[in-house]
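Values quoted throughout were computed directly from the atomic coordinates according to the rules given, and no laboratory measurement underlies them. Being a predicted model, the structure only gives us computed values, none of them experimental. Every residue, glycine as well, gets a Cβ built from its backbone with ideal geometry; the counts of neighbours run over all protein chains shown.
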Amino acid sequence: MTVDETFADMQAVLGHLVPEFELRAKAGLAVEINQLKAEHNAVILGHNYMEPTLFHSVPDFKGDSLELSRKAAETDKDVIVFCGVRFMAETAKILSPEKTVLLPAKVAGCSLAASITADDVRQLKARYPGVPVVTYINTYADVKAETDICCTSSNARAVVESLNTDSIIFLPDEFLAKNVARETGKHIIFPTKTPKTDDEIEYELIGWHGRCEVHEKFTVEDIDNARRQFPDVLVLAHPECPPDVVEASDYSGSTTAMVNYVQDHDSPRFLILTECSMADNILAENPGKELLRMCSIRCPHMNEITMEETRDSLKYTQYVIDVPEDIRVRARASVDRMLAIGAPVASAD
Ligand code: 13P
Ligand code: SF4
């Protein structure tokens, strides 16, 4: 496609959100990226949090962590460019070791992935021998390697329920664990370094104090303020939000589940409690709807991925993601167990 054709396509979707001069510049970049993609026999995966001009021009597949993991496992291309954060690109490498996996930014971390080490998991397993470990996909490969089964925000409940056991170690997101505990009616404890307490003898979910630095900032007051001003607003919260926020919301689900919820509901107004770019991406496809969001709260890691960095990742084959083979094989077992649990329902009332 020419720059003019690409610009026309982008303007049709983003014209009401992005100034024309920016769209023209981004259309030129999109053409360059798409040419490089064809030359390198690459596929681009784009997480729902990517900024709107990137999100609506270059990814072959878009979605939440679970959907993109499935796409990474299925692709027959030589190169996977992951427009997301490092743990997501690592998951792609775990599933497709024969491919070159590129992350367009050198770091692009995640506060949840940084909150726990493989040694922490080994210590927990020693403290609770025989108790299965469920690990959120927002972790690095060496942590996944110590895990029995992974989960994402869209299947956490299904994974926990699939285990059919009294006690589960659920790592590392404190709030996701509390939200799953509430949904499944399970008691939750957080271990201390001192000897086990009576409480721990009767535990059901054993959590960890990791938090998403974005979602932990949303409060019930934010919801109350929105409802006071707009009594008809529907409130959507990601399950990484604090439990009182999730309880005060009308719906909680993965990023794609939230996208689907807005599409499926006629309400004129939604408050989206998640990374701000996603609201723009929803608005692009739902121009008739009004989305309230709090753009002072952004994920600095997701925002490291730009169109310039994406072009350079293909141009200079950077930054190559590698996972040591012994870790990869063990991590793959926990990701495969998760993928074997069928696709979750992406939107619900
Ligand atoms: P999803 O799997 O819901 O897309 O979440 C990824 C994430 O990092 C949310 O902060
Ligand atoms: Fe990690 Fe939170 Fe950013 Fe998602 S939004 S990548 S959980 S820091």
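Data table
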read-out: Net length gained if the chain between Lys289 and Gln263 were fully extended (0.36 nm per residue, minus Cα distance); value: 8.4 nm
read-out: Among Asp198, Asp224, Asp264: highest mean-square fluctuation, GNM of the chain, C-alpha pairs under 10 Å; value: Asp198
read-out: Highest-MSF residue in the chain out of Asp166, Asp312, Asp250 [GNM, Cα springs under 10 Å]; value: Asp166
read-out: Of every Cα-Cα pair in segment 91-150, the percent that sits beyond 14 Å; value: 61 percent
read-out: Gyration tensor (alpha-carbon) shape descriptor, segment 171-215, a/c threshold 1.5; value: oblate
read-out: Alpha carbon convex hull of segment 194-290, projected area averaged over orientations, nm²; value: 8.0 nm²
read-out: Å³ per residue enclosed by the Cα convex hull of segment 283-329; value: 173 Å³
read-out: Calculated over the chain: convex hull of Cα atoms, volume per residue (Å³); value: 131 Å³
read-out: Nearest-0.05 FRET efficiency for Phe21 and Ala73, computed from C-beta distance (R0 35 Å); value: 0.30
read-out: Among Asn281, Asn225, Asn34, residue whose mean-square fluctuation peaks in a GNM of the chain (springs only between Cα atoms under 10 Å); value: Asn225
read-out: In degrees, nearest ten, helix 3-14 long axis to first principal axis of the chain (Cα); value: 50 degrees
read-out: Estimated FRET transfer efficiency (Glu183, Gln11; beta-carbon r; R0 41 Å; 0.05); value: 0.45
read-out: Computed lengthening from Ile201 to Asp250, 0.36 nm per intervening residue step minus Cα-Cα distance; value: 14.1 nm
read-out: Stokes-Einstein translational diffusion, segment 138-247 - Kirkwood Rh over all Cα pairs, 1.002 mPa s, 20 °C, in µm²/s; value: 139 µm²/s
read-out: Amide H partners (placed H, <5 Å) of Leu234, local residues excluded; value: Arg269, Phe270, Leu271
read-out: Candidate aspartates and glutamates - alpha carbon under 17 Å from Lys71, same-chain residues fewer than 8 apart omitted; value: Asp60, Glu90, Glu98, Asp336
read-out: Simple Cβ-charge dipole of the chain, Lys/Arg +1 and Asp/Glu -1, about Cα centre, in debye nearest 20; value: 540 debye
read-out: Set of lysines near Lys144 by C-alpha distance (under 16 Å), chain-local residues within fewer than 8 positions excluded; value: Lys93, Lys125
read-out: Distance between modelled label sites at His209 and Asn41, nm, 7 Å Cα→Cβ extension; value: 5.0 nm
read-out: Spatial separation of Cα centroids for segment 252-324 and segment 228-242, in angstrom; value: 17 Å
read-out: Residue order, fewest to most beta carbons within 10 Å, for Thr219, Thr192, Thr135; value: Thr192, Thr219, Thr135
read-out: Span from the segment 161-222 Cα centroid across to the segment 51-66 one, whole angstrom; value: 31 Å
read-out: Furthest towards positive pole of dipole, Leu124, His47, Thr274, structure part the chain, Cβ charges; value: Leu124
read-out: The chain - Cys residues lacking any other Cys C-beta under 4.7 Å; value: Cys83, Cys110, Cys150, Cys151, Cys212, Cys241, Cys299
read-out: Counting all C-alpha pairs of segment 1-60, share separated by more than 18 Å (%); value: 30 percent
read-out: Computed [θ] at 222 nm, helices only, for the chain once each DSSP H run of length n ≥ 4 contributes -39500 (n - 2.57); value: -13000 deg cm²/dmol
read-out: Net length gained if the chain between Ile341 and Asp322 were fully extended (0.36 nm per residue, minus Cα distance); value: 4.2 nm
